[in-house]
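The values are calculated or read from the model by the stated rules, or taken from the named source; none is laboratory data. Keep in mind it's a predicted model, so treat the numbers as computed, not measured. Every residue, glycine as well, gets a Cβ built from its backbone with ideal geometry; the counts of neighbours run over all protein chains shown. For accessibility, only protein heavy atoms count, side chains too; no ligands or nucleic acids. Shrake-Rupley method; radii C 1.70, N 1.55, O 1.52, S 1.80 Å.
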Amino acid sequence: MDLPQDVFVYSQILSLSGTQGTLIAIRPEGYYELRLISKGRPHVALLPIAQTGLVAVEPEPDIAMESAIER
């Protein structure tokens, strides 16, 4: 994953449910470093990896599934 990356953030700690943000870094201390917009202004947030879900804003390209079974 290239950083920075636009993501949807899910976190009970900050009551975030699909909030759009930017993943800036994955810290070795076990935190995601994120830039979130709150009250119209950007803020940096450190959220624990174990309690935070991230989903890339850009979907993956469709890949045609090939049958692995030969007939």
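Here are the numbers for this structure:
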| quantity | calculated |
| --- | --- |
| The stretch 1-37 - residue that is among the small types (Gly, Ala, Ser) and under 23 Å from Glu58 (Cβ atoms) and, of those, surrounded by the fewest Cβ atoms within 10 Å (Cβ to Cβ) | Gly18 |
| Meets criteria (open to solvent by 40 Å² or more (accessible area, probe 1.4 Å), over 11 Å from the mean Cα position of the chain (by Cα) and within 16 Å of Pro4 (Cα to Cα)) for Arg41 | no |
